[in-house]
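K.L.:
Would you mind keeping the following structure in view while I ask a few things?
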Amino acid sequence: MKRLIVLLCLGVMILPLMAEEIKLTGEMWNRWTLETGDAPAGENTILRNNLSLERGYLGLEPKFSDAVKGRFTVDIFSTDLVKDGAGLKIKYAYLDFNKLLPVPDMTATIGLQKVYFGSIYDWDYTLIGKAPTDEYKFANSADYGITINGFIPGGWGEYALGVYNGEGYKNYGSNLKGNIEPAFLANLRVIPITGLTLGGSFMLNSSERSDSLTGLGGDNPKYNEQKMMDAYLRAAYGPLSLTGEYIIKDVTYPNKPANDMSANCASVNAVIKLNSLVEKDIDLVARYDRSDPTDSDKDENIVTAITGGVNYNFMHDDSAKPAMQLQLNYTTKSNSVKTTNDSSALMLQLKWRFSNTLKV
Amino acid sequence: MKLRNTLIILAILLIGVSAFAKTEKVVCSGSTTVLPIAQATAEAFMDKNPNINISIRGGGSGVGIAALQNGTVHIANSSRPIKTKEMNQCRAKGIAPTAYAVALDGIAILTHKSNPVSNLTVKQIKAIYTGVIKNWKDLGGPNLPIVVISRDVASGTFEVFNEKALGGAKVISSALLLASNNAVVTSVADTPGAIGYAGLGYLGEGVNTVSVNNIVPSKATVQNDSYPLSRKLYMYTNGKAKGAVGSYIAFIQSPAGQKIVENEGFVALK
């Protein structure tokens, strides 16, 4: 941790010296959570009732030239849920090269960056919950890699092709599973008519390594190959927007085929903006998730989560984006088989953001 | 009973009349270059249409387009065409940015009044702004270090200048980056070795305007597009402009509106 902090400080000092301008960004999520569910003894009780800095981001976005930009973001949190009570992770550390390839609006991105899978890379947390890909552990939101990403001229959509480590940004050092195979990703979204977005993502990944390095020979039974697919739909018309996503993950264990499994998840969320009715920037939000984490007969359990909520965006930046937001969400989660895992949560979150550009 | 009925009818009439007489609001924000055009034309338009209230803010082209995307303005003023990324974000949110050209402009290259250099090529401008040429004597001028003044990188004027004059190259790090056209003109006027650039509508007597590739920025050279640093100025709306927004833009594009554009120092549409 000390090394990380020293590196962060050095980064903060050195970047402005090289950039022609640098943008400072930050956001903090202060949350109160009241969660109820079954205790180990079997009685329904309060499992969690606490305040936390659930997530915070501090970022530097240096612009070295019209063709080269960087982004460096740390993820900080402070909550009773983890052993040390607080943590610090590097979320993004990448460079964007806009003119490396002679294709308009195409960027080559190198470093710890977004994973362009499903909705995870542009999930805007209009609801407090995470993107389904993240929530149900299909893919990581950030990873080390190289991507080619860009926009289709005329505003017809966007695309990304990438090669990643495949371990995600949360794993490092001894946490890494010794995997030596990269993950491959392809993502495409098209907007055939204004307000309608159709998309799909495909990712190949693997975990652990197949052969043993101990010298004793033998295959690693934990080694697995993953194939993930995501179908995405978003419809926006006036104050209403609706987003739907369906994700499938097939996992095969070449050294232990009996463990082969697949998972799937369907998620729909809707946002209604009420600002034209009440002259305040208020949104009504709702979400329905159905996740089958194993899709196997011997371990069948379908998780259903329903969320309803309201956002009050009470302060905005120059571009009318919310700078301060109060979010109230109520989520009830039920399990088809493992009913003792059923829970409900009431969350009230004050989220605030800032952004300033310094000319160097 | 009769009195009560009469009062009810009167009340309904009053409500009806007040509803029809309701002031329509048009909100614009964005480019500081387009700002004087928007302000002057809005004033004239509101004089003729007292039931329409137009409010205008600056902030820069990017800010205006983001506000259009977020549904908080009716018109985004922009001194550059919308970017693909912005178009994509708008369309995904159900916003259909529609461009209306409202004026033409030339980005004039400015030097101090005492500077005898009267013409620069685009290649020389690029060499100055990227730090290759650092003294006016290399351009036939006095032995005087060049003080490079530019707009901040968030401005639409910078983006057009960067594309047309610099080909996307990075401006020398010692350049003074200023937030408005007025600030550039004032700084060039006060600094003997300075070079800067600003929209035609901002030129004053305290600075020299040099020709570019031997073409003087003028109404004729901007209209026929021969001046290398000419551009269009836009207003973007969500879909085809209708109602009060449509009437206001139609007014700017009309001969009366284009006269105001010229009075503000910009060039009328062809």
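Each value in this text was obtained by applying a stated rule to the coordinates, not by laboratory testing. Just so it is clear, the model here is predicted, and its values are computed rather than measured. With ideal geometry, Cβ positions are generated from the backbone for all residues, glycine too; neighbour counts draw on all protein chains shown.
K.L.:
With bins 5 Å wide starting at 0, give me the P(r) of region B:44-87 over every alpha carbon pair, in whole percents.
P.N.:
P(r) over region B:44-87, rounded to whole percents: 5, 20, 25, 19, 13, 11, 5, 1.
K.L.:
Do the alpha carbons of any pairs in B:LYS134/B:LYS170; A:LYS170/B:LYS83; A:LYS69/A:LYS130 sit beyond 24 Å of each other, and which pairs? Spell out each step's value before the answer.
P.N.:
Details: B:LYS134/B:LYS170 15 Å; A:LYS170/B:LYS83 34 Å; A:LYS69/A:LYS130 27 Å.
Checking Cα-Cα distances, A:LYS170/B:LYS83; A:LYS69/A:LYS130 exceed 24 Å.
K.L.:
Return the Rg/Rh value of region A:251-318, two decimal places, where both radii are evaluated on C-alpha atoms and Rh is the Kirkwood radius.
P.N.:
That ratio is 1.30, to two decimals.
K.L.:
Please work out whether chain A counts as rounded, prolate or oblate from its C-alpha gyration tensor, where a ≥ b ≥ c are the square roots of the eigenvalues and a/c under 1.5 means rounded, while otherwise a/b larger than b/c means prolate and anything else oblate?
P.N.:
Since a/c stays below 1.5, the shape of chain A is classed as rounded.
K.L.:
Taking all pairs of different Cα atoms in the protein assembly as shown, averaging 1/r and flipping that mean, what Kirkwood radius in angstroms comes out?
P.N.:
Computed over the protein assembly as shown, the radius equals 28.1 Å.
K.L.:
Over the whole of B:44-51, what's the average partner chain Cβ count within 10 Å per residue? Rounded to a whole number, please.
P.N.:
0
K.L.:
While we're on this one: Can you work out D for region A:85-192 in µm² s⁻¹ from Stokes-Einstein, where Rh is the Kirkwood radius over C-alpha pairs, the temperature is 20 °C and the viscosity is 1.002 mPa s?
P.N.:
Value of D from the Cα-based Kirkwood radius: 142 µm²/s.
K.L.:
Follow-up question, since we're still on this one. Given points 7 Å out from each Cα along the Cα-Cβ axis, report the A:SER276 to B:LYS25 separation in nanometres with one decimal.
P.N.:
A separation of 1.5 nm, rounded to one decimal place.
K.L.:
Which value, in nm² and rounded to one decimal, describes the direction-averaged projected area of the C-alpha convex hull of region A:127-279?
P.N.:
Value for region A:127-279: 11.7 nm².
K.L.:
List the trypsin sites (Lys or Arg not before Pro) within region A:275-360 that fall in a DSSP loop (any state other than H, G, I, E or B) and whose Cβ has at most 16 other Cβ atoms within 10 Å.
P.N.:
Within region A:275-360, the qualifying trypsin sites (Lys or Arg not before Pro) (loop, at most 16 other Cβ atoms within 10 Å) are A:LYS280, A:LYS298, A:LYS338.
K.L.:
Given R₀ = 41 Å, FRET efficiency for A:LEU198-B:LYS134 by Cβ-Cβ distance, to 0.05?
P.N.:
0.15
K.L.:
I'd like the distance between the alpha-carbon centres of region B:40-118 and region B:203-238, rounded to an integer number of Å.
P.N.:
First find each Cα centre; the distance between them is then 17 Å.
K.L.:
Projected area of region B:146-270, taken from the Cα convex hull and averaged over every viewing direction, in nm²?
P.N.:
Details: hull surface 36.4 nm².
The orientation-averaged projected area of the Cα hull of region B:146-270 comes to 9.1 nm².
K.L.:
Return the tail of the calculated pair distribution for chain B, meaning the percent of Cα-Cα pairs more than 32 Å apart.
P.N.:
When every Cα pair of chain B is considered, 33 percent fall beyond 32 Å.
K.L.:
Shifting gears a bit: Explain nothing, just the number: dipole magnitude of chain B about its Cα centre with +1 on each Lys and Arg Cβ and -1 on each Asp and Glu Cβ, in debye rounded to the nearest 20.
P.N.:
The calculation lands at about 820 debye.
K.L.:
Would you mind classifying region B:155-201 by shape? Square roots of the alpha carbon gyration tensor eigenvalues, ordered a ≥ b ≥ c; an a/c under 1.5 is rounded, otherwise it is prolate if a/b is larger than b/c and oblate if not.
P.N.:
Oblate, since a/c reaches 1.5 and b/c is not below a/b.
K.L.:
Pick out which of B:SER114, B:SER29, B:SER187 has the largest mean-square fluctuation in a Gaussian network model of chain B, springs linking Cα atoms closer than 10 Å.
P.N.:
B:SER114
K.L.:
Continuing with the same structure: From a point 7 Å beyond the Cα of A:LYS170 in the direction of its Cβ, which residues of region A:89-115 have a backbone N at a distance under 20 Å?
P.N.:
A:89-93, A:112-115
K.L.:
If you bin every alpha carbon distance in region B:26-174 into 5 Å steps from zero, what whole percent lands in each bin?
P.N.:
Reading upward from the zero bin: 2, 8, 15, 17, 15, 12, 11, 8, 6, 4, 2, 0.
K.L.:
Using Cβ counts within 10 Å as a stand-in for footprinting exposure, how do B:TYR100, A:TYR237, A:TYR223 rank, fewest first?
P.N.:
Ranking B:TYR100, A:TYR237, A:TYR223 by Cβ neighbours within 10 Å, fewest first, gives A:TYR237, B:TYR100, A:TYR223.
K.L.:
Rank the residues B:LEU104, A:LEU188 as a footprinting-exposure proxy: fewest other Cβ atoms within 10 Å of their Cβ go first.
P.N.:
Ranked by crowding around the Cβ, least crowded first: A:LEU188, B:LEU104.
K.L.:
What's the long-distance tail for region A:216-360, i.e. % of Cα pairs beyond 23 Å?
P.N.:
Value for region A:216-360 (Cα pairs over 23 Å): 57 percent.
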